[in-house]
Amino acid sequence: MTSYSYDLHIHSCLSPCADDDMTPGNIAGMGSLNGLGIMALTDHNTCGNCPSFFKACRTYGIVPVPGMELTTSEDVHIICLFPELENAMAFDAEIAPRIMPIKNRPEIFGNQLYIDGEDEVCGTQERLLISATDLDIAAAVKKAGEYGGVCYPAHIDRPSNGIIAMLGDIPPEYGFRCVEFNDGANETEYREKYAVVKNTRALVSSDAHRLWQISDGTNRLDIDDEPYSSSLVRRRLLELISK
């Protein structure tokens, strides 16, 4: 077993609510400074900067996980993580036409910047990525699973787009085996209050939209990574949070 420090909820500058300096290279560099071993890029309703993120993480010796923070039709945020970049990009193509057709207004919502392998801006996304998709929670979980993904509700301890804030609880029929906290200090209270939380694995991730918000390496997971490869670490990570 190897103990990995992690942050599995980070936004790049493709998310309009994130700073423009949240490029894949800067994110991986900050993760390296903070001693992180595993990082997931989870932009709103897109995996578009994941290819550049993979390249940046290789430079810094960090295991990259491709992901997405998907907004369901109930306006609930769920984290979707994938074992390989190819899975994530196929899911991205599936989700793109399911986002509400609202045009981004950068002066209001912020820029949505694509970054190339050299960590330079190479394009923009005109559709507003923080809009809801047409998938409800059950359909989103099923669809991600078709692409090899694992889903869990994001920041359940926050009033904005958390599943408990939106639905009042976590319905057991969704089958979540993991939940995410934004603040790990809330875990005990939520385990005592909500039945599903009591029986699931808890992750604590930053939901970073700015470089200084990226996790400091405190949160860790023990992963069996022999014989080592980043691909194996990703697969074992997804197995860990889905059982």
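The values are calculated or read from the model by the stated rules, or taken from the named source; none is laboratory data. The structure presented is a predicted model; accordingly, all values stated were derived computationally and were not measured. Quick reminder, even Gly has a Cβ in these numbers, built from the backbone with ideal geometry, and neighbours come from all protein chains shown.
Tabulated data
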| quantity | calculated |
| --- | --- |
| Residues satisfying the stated conditions in region 155-204, i.e. polar (S, T, N, Q) and closer than 19 Å to K243 by Cβ | N199, T200 |
| Residue ranges of helices (runs of 4 or more DSSP H) in region 1-105 with at least 1 members of a type in the set (V, I, T) and without any contact (Cβ under 8 Å) to a residue 60 or more places away in the chain | 50-60, 85-95 |
| Enumeration of residues in region 218-232 that are under 19 Å from R177 (Cα atoms) and not in a loop (DSSP other than H, G, I, E, B) | R220, L221, D222, I223 |
| K193, sole failed condition from (1) surrounded by fewer than 21 Cβ atoms within 10 Å (Cβ to Cβ); (2) under 18 Å from L36 (Cβ atoms) | (2) |
| Residue within region 142-156 that is over 21 Å from S206 (Cα atoms) and surrounded by 23 or more Cβ atoms within 10 Å (Cβ to Cβ) present | yes |
| From the options T72, T23, residue that is of a type in the set (V, I, T), surrounded by fewer than 24 Cβ atoms within 10 Å (Cβ to Cβ) and touching a strand residue (DSSP E or B) at 6+ places or on another chain (Cβ under 7 Å) | T72 |
| Residue match in region 168-181 (condition: modelled with pLDDT of 95 or more, more than 25 Å from K55 (Cα to Cα), surrounded by 21 or more Cβ atoms within 10 Å (Cβ to Cβ) and charged (D, E, K, R)) | yes |
| Residue in region 63-80 that is farther than 23 Å from F181 by Cα, modelled with pLDDT of 95 or more and either out of contact with any Cys (no Cβ under 9 Å at 6 or more places or on another chain) or of a type outside the set (S, T, Y) (or both) present | no |
| Condition met for I108 (more than 18 Å from S206 (Cβ to Cβ), without any contact (Cβ under 8 Å) to a residue 12 or more places away in the chain and not aromatic (F, W, Y)) | yes |
| Flag if E239 is of a type in the set (D, E, K, R), assigned to a helix (DSSP H, G or I) and surrounded by fewer than 19 Cβ atoms within 10 Å (Cβ to Cβ) | yes |
| Residue among C57, C47, C13 that is at pLDDT 95 or above, surrounded by 24 or more Cβ atoms within 10 Å (Cβ to Cβ) and over 21 Å from L237 (Cα atoms) | C13 |
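This table checks each residue for (1) surrounded by 18 or more Cβ atoms within 10 Å (Cβ to Cβ); (2) within 16 Å of T42 (Cα to Cα); (3) within 17 Å of the chain's Cα centre (by Cα); (4) modelled with pLDDT of 95 or more.
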{"site": "I164", "(1), (2), (3), (4)": "yes, no, no, yes"}
{"site": "E187", "(1), (2), (3), (4)": "no, no, no, yes"}
{"site": "V204", "(1), (2), (3), (4)": "yes, yes, yes, yes"}
{"site": "R210", "(1), (2), (3), (4)": "no, yes, yes, yes"}
{"site": "D224", "(1), (2), (3), (4)": "no, no, no, no"}
{"site": "P227", "(1), (2), (3), (4)": "no, no, no, no"}
